[in-house]
Amino acid sequence: MTITLARIDDRVIHGQTMTRWTKQYAVQGILVVSDEVAKDELRKKVLKAAAAELKLGIYTVEQAKESIPKAVKSNKNFFLITDSPAYFAQLAEAGIDFGKVVNVGPISGGTGAINVARNVALTQNEYDAFEKLETSGYRVTFQLLPDDEKKSWEVVKKKYS
């Protein structure tokens, strides 16, 4: 069917994901794209337990390039989530269809990160990935919970400089 929500959240799957986001978007499965998570057996076990009631796929970016188109052709709705905007930028650059809106939740940032919104701190690499997505025709919105107001990248990026 489709990717009903493409989201960035550095916690990936957690309580709010399962109780709020998956219910809001009526999904039957979650696709996680993260090179780090896909290679971490302990973290994969934790995510599988957290999403036990849904179909779950955990992929590297390269694996996702094959898996996402298959999911889109299936008869299920999927929630696509990653922990970094760089992964969505890579998927977009590869021509992978995941919709035209990227929803952003918490990003803790790292060394040198600048706080740009509630629970969002960006490094230069993350900023650059969002710029790449926007200039490629994606609409980037920042929203912690489904009932929170959405903020556009145009508004949020002004706080970076």
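Bear in mind that the values in this text are calculations on the coordinates, not laboratory data. Just so we're clear, the structure is a prediction, and the values are computed from it rather than from any experiment. Because the Cβ atoms are built from the backbone with ideal geometry, glycine has one as well, and the counts that use them run over all protein chains shown.
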Checklist outcome for this item: Of Ala94, Ala117, Ala113, the only residue that is touching a helix residue (DSSP H, G or I) at 6+ places or on another chain (Cβ under 6 Å), of a type in the set (A, V, I, L, M, F, W, C) and closer than 22 Å to Glu154 by Cβ is Ala117
Item to check | Condition check for Thr111: in contact with a Ser or Thr (Cβ under 9 Å, 6 or more places away or on another chain), under 16 Å from Asp10 (Cβ atoms) and surrounded by fewer than 16 Cβ atoms within 10 Å (Cβ to Cβ) | outcome: yes
Checklist entry - Given the residues Tyr59, Tyr138, which is the only one that is surrounded by 12 or more Cβ atoms within 10 Å (Cβ to Cβ), under 16 Å from the mean Cα position of the chain (by Cα) and either more than 19 Å from Tyr25 (Cβ to Cβ) or of a type in the set (D, E, K, R) (or both)? => result Tyr59
Checklist entry - How many of the residues in region 69-85 are of a type outside the set (Lys, Arg) and either surrounded by fewer than 18 Cβ atoms within 10 Å (Cβ to Cβ) or more than 13 Å from the chain's Cα centre (by Cα) (or both)? => result 6
Checklist entry - Can you tell me which residue in region 1-53 is surrounded by the most Cβ atoms within 10 Å (Cβ to Cβ), limited to those that are part of a helix (DSSP H, G or I), free of Cβ contacts under 8 Å to residues at least 40 places away in the same chain and hydrophobic (A, V, I, L, M, F, W, C)? => result Leu47
